[in-house]
Amino acid sequence: MSAHDIVQRGLYFEEFDVDARYLHRPGRTATEADNVLFTTLTMNTQALHLDAAFADAQQPFGARLINSMWTLSTMVGASVAQLTQGTLVAQLGFGDVAFPHPLYAGDTLYTESMITEKRLSASRPGQGIVTIAHTGRNQDETVVATATRSVLVRCLPDGGDR
């Protein structure tokens with residue numbers, strides 16, 4: 001690599017700013033194929049995702065719903081390039097996961113992430129724990145998913161001298 005090569009990466013611990021909000025773009029339009037593939041790959045037999053005749057007859061939604069685990073996975077995945085690509089050590093856990101509004105085929109999921117907390121790891125030198133609040137909205141700005149995620153990330157390799 002030359003001095004002019006720039007490698008895309010996530011943020012090191014020191015680069016995360018509490019209360020910073022990251023808008024991850026582009027959004028991701030959910031398709032029927034995404035829904036059927038994800039649902040069957042994960043062995044989920046829920047008719048609300050797979051059976052159009054059944055789902056169309058169900059109220060209050062009246063249509064097939066995008067699998068909420070697809071929504072959660074895509075929301076987190078949208079954040080990777082900007083926040084944790086190459087700097088993540090481990091995903092520690094999720095909390096406060098909610099799906100306040102359904103996502104349908106043809107809807108576009110836009111994700112934003114807010115850094116809510118960070119601290120150096122007491123047991124892993126050179127690493128820190130960052131708490132991220134993810135929010136997914138559809139094209140109408142309606143919140144379709146929220147989740148809090150804790151991640152273990154690397155500190156700057158040179159101790160912060162850049």
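The values are calculated or read from the model by the stated rules, or taken from the named source; none is laboratory data. Note that this is a predicted model, so its numbers are computed, not measured. Cβ atoms come from the backbone with ideal geometry, glycine included; neighbour counts cover every protein chain shown. Areas reflect the complete protein model, heavy atoms only, side chains present, ligands, DNA and RNA absent. Shrake-Rupley method; radii C 1.70, N 1.55, O 1.52, S 1.80 Å.
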- [ ] Could you size up the charge dipole of segment 60-150 around its Cα centre, putting +1 on the beta carbon of Lys and Arg and -1 on that of Asp and Glu, and report it in debye to the nearest 20?
- [x] 360
Open item on the list: With every protein chain kept in place and ligands, DNA and RNA left out, what is the accessible area per residue of the chain? Probe 1.4 Å, answer in Å².
Closed with: 56
TODO: Could you work out how far helix 32-41 tilts from the main Cα principal axis of the chain, as a 0 to 90 degree angle to the nearest 10?
DONE: 80
Task: Per-residue [θ]222 nm for the chain (sum of -39500 (n - 2.57) over DSSP H runs n ≥ 4, rounded to 500) - done: -6000 deg cm²/dmol
Task: Carbon + sulfur, % of accessible area of the chain - ligands and nucleic acids excluded, 1.4 Å - done: 53
TODO: Could you state the angle between the C-alpha long axis of helix 68-83 and the longest principal axis of the C-alpha atoms of the chain, as a value from 0 to 90 degrees rounded to the nearest 10?
DONE: 30
Task: Net lengthening on full extension, S73/D140 (0.36 nm per residue, minus Cα-Cα) - done: 22.1 nm
Task: Within a Gaussian network of the chain (alpha carbon springs, distance under 10 Å), most fluctuating of V143, V18, V130 - done: V18
